[in-house]
1. Is at least one residue of the stretch 322-345 open to solvent by less than 20 Å² (accessible area, probe 1.4 Å), touching a Pro at 6+ places or on another chain (Cβ under 6 Å) and either within 20 Å of residue 452 (Cβ to Cβ) or not hydroxyl-bearing (Ser, Thr, Tyr) (or both)?
2. Surrounded by fewer than 17 Cβ atoms within 10 Å (Cβ to Cβ) and touching a residue at least 24 places away in the same chain (Cβ under 8 Å): which single residue out of 439, 515 fits that description?
3. May I ask you to say which residue of 379, 364 is of a type in the set (Asp, Glu), under 30 Å from residue 439 (Cα atoms) and either modelled with pLDDT under 90 or part of a helix (DSSP H, G or I) (or both)?
4. Would you check which residues across the stretch 278-292 are buried (at least 18 other Cβ atoms within 10 Å of the Cβ) and of a type in the set (Ser, Thr, Tyr) and list them?
5. Of the residues that sit in the stretch 346-356 and are surrounded by 13 or more Cβ atoms within 10 Å (Cβ to Cβ) and closer than 19 Å to residue 285 by Cβ, which one is nearest to the chain's Cα centre (by Cα)?
6. Among the residues of the stretch 165-185, count how many are under 28 Å from residue 346 (Cβ atoms) and in contact with an Asp or Glu (Cβ under 9 Å, 6 or more places away or on another chain).
7. I'm told residue 280 meets every condition in (1) at pLDDT 85 or above; (2) under 27 Å from residue 148 (Cβ atoms) except one. Can you identify the failing condition by its number?
8. Quickly run through the stretch 371-381 and pick out the residues that are open to solvent by less than 50 Å² (accessible area, probe 1.4 Å) and farther than 14 Å from residue 348 by Cα.
Amino acid sequence: MDSPLLKSSALKDTSTLDLLARLERLENLVASQGRERGESPKRENAEKGTEKPARQSPAIVSRPVPYRLQRLTADALQLERSCSDQKLTDSLISDPIIFRTCPIRLAPSQPSYAFQNGHPTSMAGPMDVVRCIWLPRRDEMRIILQKYIADISLFYHIVHVPSLQRIVEDIYAGLEANVRVDVGGILLLISICASTTYAWSPPDDIRCLFSDCADANAQSTFWLKQALDAIDHAQRTAHASLECIQGLIILFFVFCNHESASFRARSVFMAAIAMATELSLHRLDDPQGSSMPMPLRMSESKKEIGRRVWWFMVATDWTLAQFSCPQEGFYLIHKNQMAVNMPRNANDEDIIEGVEIPDRPVTEATCISYFVQRIRLAEVCRTLLDRTSLGTPTSESDTYKSILDADAMLNQFIQEAPEFFSLNCPGLDELPVTDPRRSPFITAQRYMLNLLLHRQLCKIHLPFLAQGAVDPAYAYSRDACLRAARVVFELDHQLQRENLPFFNSRLRLAMVLRSVFLASIALVLNACLKSDTDENGEGDDEVAGAWKILHDAQGQFPPAAKLLELSIQVLRKYKIKHRALDLLQQQVLGHSPYGGTFPMTPESTNHELRMNTMQQNIGSEPENVLLEQHWQVLEGKMDLNTIDWDKLFWGIDAPFI
């Protein structure tokens, strides 16, 4: 009796032979038709003799291709594609993995390996012990999800909330039934845990999920490790899904908050792009019709979520190329190599299966209004990148012209943004509280959009700030840089007055804190340029206020201590006695972890704080080493004009959030 394996092999061989036979018949048929078409003109020319045609013969109109030929052609193309679709058996390069739940407070203490059948046996072999990934209990995951939707998703809304809630319930139903669950969905939930625990703030303690926010924050690295294990399994099994891509994107931003746009963070992001192209997300709206079957199996509502995911990666890729990191000046996704419509300006409630999705006007506030503007800003970044060739030497005048062009485009962007994102929106306070334009979502997004815009304006003009103090040709850069820096701090004051939950966790976001640091450097540099006879104290309060924000952030963001010390040291290098130093010490007196005096040198920080910083800030060694190098440089003889500001800001750049 033949085995099923032999029967299966025989069927495959028969199918292949049948395809080859049909392909041969197609080739013979096409060849015979070609000969007939070639002989027909020859016979006509022989009949006409030497007569010259009065006019050029019209182009031959192609006849409709019979269905039989279409089918044969499709079979031939499918046969060609099958040659490049070979895959190793998963069991050859991947080990089993299991998923279990436990109380979230106990998750970090759970073993990384467990017995697959739940308990050891006397006959247990080496394969009985497998990698185990832990998840919170179902009720705890619901609380985590509520926090994520309310405070985090508003800055990168790549999910569809109703679908995400269904995914949570489906995964936990599968875990309780002890059936196989999708690793992509698991990665999405773990990434949400990593992001949410990182952003947990004191007001969240009312949720009673952790003993306090410090306990929650400490768990973020545990969930990062769990996520990396899930990614490894997904890669080994060649898994690709929309949920897995969403998880990778969320994880990318968690890494950026922990260690800036590091190699590890960028690797996670590139894995998301690779998986998206595997699913043909870059051809979701290809008018020719994609040859890949995956988009065709997506419902229209899922395609809309796919558009959000794809365009978010595009926007991140283009803006990441603007920052001082190894990817500077280089992006992966080209606009002419994708066919994806822009995501509709629609709320999650508008995306219903079987119902046409509306595309609301850009002037109407929705849950993705910030996302839409982020895409517009990314297009500005790409346009600026495409104007110059990488590695091409440019003169100082050409460089400054490109700075002014960038300034003009960014200011035009600000003017064209919807009114509800404007810092001076007329009549905003008169709107009813229920108006979407006054919602906490839009308020926080207005803060973040203007923060990154003015941060970028401050950064592009900073190299010319000092020169603008003595050379009228660069005076505009000095004014523009200081104006943008002051807006950064005014934004922080406005957000504080709004009394939003986001305000308490804003300094946990690397983008926010490093924007504050960049603005403080501009104010400090301006203070260093002032003459000793200038006693009016203008700007001293601004410098001290900037330092106060960095000082207050030390407990939430460990690198803040380094950034603050560096900023103070720059000023002390050129202004040993400065009123801002006294103001800061008065502001923090009695609140400083250093006792009654504030540290003025890198060595003055006490040992305990440095040890806590090292333990909490994973992967920050390259950034800290660079800062220490600048400390050593600042101790020697050096002029402000010789500071390499681009290198100074390496490690403090993060992609637009």
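The values are calculated or read from the model by the stated rules, or taken from the named source; none is laboratory data. For clarity, every value in this text was computed on a predicted model and none was experimentally measured. Note: ideal-geometry Cβ built from the backbone for every residue, glycine included; neighbour counts use all protein chains shown. What goes into the accessible areas is simple: the full protein's heavy atoms, side chains included, and nothing from ligands, DNA or RNA. Shrake-Rupley method; radii C 1.70, N 1.55, O 1.52, S 1.80 Å.
1. No, there is no match, as no residue in the stretch 322-345 is open to solvent by less than 20 Å² (accessible area, probe 1.4 Å), touching a Pro at 6+ places or on another chain (Cβ under 6 Å) and either within 20 Å of residue 452 (Cβ to Cβ) or not hydroxyl-bearing (Ser, Thr, Tyr) (or both).
2. Unique residue meeting the criteria: 439.
3. None of the others qualify; the one that does is 379.
4. Within the stretch 278-292, just 280 meets the criteria.
5. Per the stated criteria, the residue is 346.
6. 6
7. It fails just one condition, (2).
8. 372, 373, 374, 375, 377, 378, 380, 381
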